[in-house]
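Reviewing the structure listed below.
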Amino acid sequence: MATTMIQTIPPDPMQPATAPRVVIIGGGFGGLSAARALDKQALEVTIVDHNNFHLFQPMLYQVATGGLSSSDITTPLRSVVHKMRNLRFLMGHVTSIDIAKQLVMIDNQALPYDYLILATGASTNYFGHQEWAKMAPSMKSIDDAFKIRRMVFSAFEAAEREPEPAKQCALLTFVLVGGGPTGVELAGAIAELAHHSLTGDFYRLDPAMAHIILVQGPADILPGFPKALARRAARKLSQMGVDVRTGVHVKDVGDGYVMIEKEKFAAENIIWTAGVKASPASKWLGAEADRDGRVRVLPDLSIPGHPNIFVIGDTAHAVQAGRPLPGLAPVAIQEGKHAAAVIAERMAGKKAGSPFHYFDKGMMATVGRSYGLVSIGLIRFTGLLAWLAWVFIHIMFLITFRNRIIVMLQYAWMYLTYERGSQTIIPSGAVRFMDEDYYDAGYSKE
C-alpha cells in the first residue's frame with residue numbers, strides 16, 4: 001500500500017534560522033492584529049488562510065445588496081504582508097494540528113511552529129438543521145454575499161414576468177432569520193432596494209410589493225444593545241416596510257416556504273442570519289470547548305497545558321466579569337494584540353502571561369441609508385449622526401487607502417441618490433473571463 005509522504009514547508013529564507021516561528025491561522029481581524037503587533041519582533045511569522053484576502057465583514061451586507069463590489073471590502077493578504085519585514089503568507093486549508101510535534105498540517109504539508117495563534121473565526125449555526133442551508137444561505141463569506149445578491153435581484157427579475165399573483169408574491173417575499181446586526185442591516189438594505197433603489201426600473205412590477213420579514217427568537221432585536229435602542233431600531237424597520245416578528249422561532253424551512261411557529265409562508269428568498277458556531281479548532285487541539293465549539297482559554301488567552309498556543313476571536317471562549325466576551329471584531333483585534341504581547345513576554349523569559357482585559361468601545365449598527373444606533377457606555381444616540389459615525393469609523397478600519405476612498409464615495413452616492421452600483425447578477429458557477437465557465441453555468445454555446 002502506498003503511503004502519502006508528508007512534506008515540511010521550508011522556513012522563510014529571509015529570516016534567521018534561529019528565529020522562533022510563530023504561525024497564525026486566520027487572516028481576519030484577530031490574525032492581522034496579532035501579525036501587526038509582532039512586526040518588529042525577532043520572529044518568523046507566518047499567516048495561513050484558505051483565502052488569499054482579508055475580508056471586511058461588517059460591510060458584507062452591502063455587497064449582498066449591490067451597494068459595494070467585492071473588491072471594495074477585500075484586500076489581498078500578500079499586499080499586506082509584504083510591508084512587514086518578518087511576515088509571510090501561505091494559502092491553504094488547515095486539516096489538523098500535531099501538538100506533540102508542534103506541526104500545523106496544511107493539506108498534505110507540515111508547517112512547524114514554536115508559538116501558535118488560532119484566529120479561525122466562526123461558521124453559521126443552523127442549530128441541528130444543516131439541511132436548511134440549501135434553502136436558506138447564510139452571509140459569512142464573499143461567496144455567500146454573491147449568492148444572496150443573485151437571489152435578491154433574480155427574485156425581482158422573475159417577479160417582473162410572473163403572471164400568477166401567488167407565485168409573484170412568493171418571489172417577492174424575503175425572510176431573514178435572525179435579528180442581530182447582520183439581519184437588521186440586511187433587512188434595511190433590502191427594504192431600501194424595494195422602496196427606493198429599484199423604483200421605476202420595471203415595466204409592470206412595483207418592487208414595493210416586496211414583503212420583508214425579520215424573524216427574531218428573543219423579545220427584542222439586536223441582542224446586547226440597550227433595549228431602548230433595539231426598540232427604536234425595530235420601529236425604524238417597521239417604518240421602512242419590514243415586518244419585524246420577535247419572540248417567534250422558525251420551525252421548518254423547505255423548498256419555497258418557511259414555517260414561523262404555526263404559520264407557513266410561501267417564500268423564495270430565505271436568508272439565515274441567526275447564530276454562529278466556532279471552527280474545528282477545539283478538535284484540532286483536543287481542548288475543552290463550550291456548546292458552540294469555542295475553545296475555553298486561560299486569562300492570558302493560551303490553552304491549559306500549552307502556554308505557547310493561543311486562541312482568539314470567535315474561536316475563543318474568553319471570560320471577563322463572569323461573562324464570555326462576544327464574537328465582535330473589536331474583541332478579536334484587542335485579543336490579537338494581547339496574544340502578541342504575551343509571546344513577547346514568553347520570549348523574555350516570563351512564565352506567567354498577563355491576563356487579557358477587553359476595553360469595550362461600544363456597539364453600533366445601521367438601519368438603512370441614514371439611520372444608525374450608537375451605544376458607548378452611558379452615551380446613546382440614534383439617527384443621521386449615529387449613521388455617519390458608523391460609516392466613518394468603519395471606513396477608517398478598512399486596510400487600504402484606496403478602499404477607504406472608494407467606499408466613502410459609494411456611501412456618499414447611495415446617500416444622495418439611493419442608487420446601488422453593483423447590481424450585476426453573476427450566474428452560479430461562472431467565473432468571469434473564461435468562456436467555458438459560462439457554458440458550465442447553463443448558457444448555450446450557440
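None of the figures in this text is laboratory data; all of them are computed from the coordinates on show. A quick note: this is a predicted structure, and the numbers were derived from the prediction, not measured. Don't worry about glycine lacking a Cβ; one is built from the backbone with ideal geometry, like all the others, and counts go over all protein chains shown.
Summary of computed values
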item	result
The chain: most fluctuating residue of 261, 419, 44 per GNM, C-alpha cutoff 10 Å	261
Shape box of segment 130-274 [Cα atoms, principal axes, largest first, Å]	44, 33, 32
Which of 295, 63 has the fewest Cβ neighbours within 10 Å, and the rest in rising order	63, 295
Beta bridges per DSSP with both ends in the chain, % antiparallel, nearest 5	50
Neighbourhood charge, 10 Å Cβ-Cβ cut-off, centred on residue 247 and excluding it, Lys, Arg +1 and Asp, Glu -1	-1
Mean separation of Cα contacts under 8 Å (6+ apart) over length of the chain, as relative contact order %	17
Exposure proxy ranking, count of Cβ atoms within 10 Å, fewest first, for 75, 182, 315	75, 182, 315
Distant-in-sequence amide H partners of residue 368 (H built 1.01 Å from N, under 5 Å)	188, 189
Global form of segment 323-413, assessed from the alpha-carbon gyration tensor, a/c cut-off 1.5	oblate
Charge dipole of segment 130-274 about the Cα centre (unit charges at C-beta), most positive-ward option of 265, 146, 216	216
Stretchable slack from residue 291 to residue 428, in nm (0.36 nm times residue separation minus alpha-carbon distance)	45.9 nm
Cα point-scatterer Debye curve for segment 355-394, base-10 log of I(q)/I(0) at q = 0.25, 0.33 Å⁻¹	-0.75, -1.09
Kirkwood Rh, angstrom, segment 24-77 [1 / mean 1/r, Cα pairs]	12.3
Order of 95, 18 under a 10 Å beta carbon neighbour criterion, fewest first	18, 95
For the chain, the Rg and Dmax computed from alpha carbons only, in angstrom	23.2, 74
Most mobile listed residue (214, 171, 103) in the chain, GNM with C-alpha springs under 10 Å	103
Prolate/oblate/rounded label for segment 132-209 (Cα gyration tensor, a/c 1.5)	prolate
Charged-residue dipole, Cβ positions (Lys, Arg, Asp, Glu), segment 151-255 about Cα centre, Debye nearest 20	580
Two-site label geometry, residue 83 and residue 160: point separation in nm, points 7 Å out along Cα→Cβ	4.2
Positive minus negative residues near residue 226 (Lys, Arg vs Asp, Glu; Cβ under 11 Å)	+3
Percent of beta bridges antiparallel (DSSP, segment 130-274, rounded to nearest 5)	35
Semi-axes of the equivalent ellipsoid for segment 71-217, Cα gyration tensor, largest first, Å	43, 19, 14
Segment 387-419-segment 113-127 distance, computed between alpha-carbon centres (Å)	29
Candidates per trypsin sites (Lys or Arg not before Pro) in segment 2-98, loop by DSSP, up to 13 other Cβ within 10 Å	40, 83, 85
Sequence-distant residues sharing a close amide H with residue 50 (under 5 Å, placed H)	92
Choice from 337, 101, 361 with maximal GNM fluctuation in the chain (Cα, 10 Å cutoff)	101
Cα lying deepest toward the dipole's positive end in segment 130-274, options 177, 137, 203, charges on Cβ	177
Mean ellipticity per residue at 222 nm, deg cm²/dmol - from DSSP H runs of n ≥ 4 across the chain, formula -39500 (n - 2.57)	-9000 deg cm²/dmol
Percentage relative contact order, segment 111-223, counting C-alpha pairs under 8 Å, at least six apart	24
Rounded to the nearest 20 debye, dipole of the chain from Cβ charges on Lys, Arg, Asp, Glu	1440
Rg and Dmax [Cα atoms of segment 337-376; Å; Rg one decimal, Dmax integer]	18.0, 52
Helix runs (DSSP H) in the chain reaching 15 Å along axis by Cα, Kyte-Doolittle at least 0.5	181-192, 384-397, 401-417
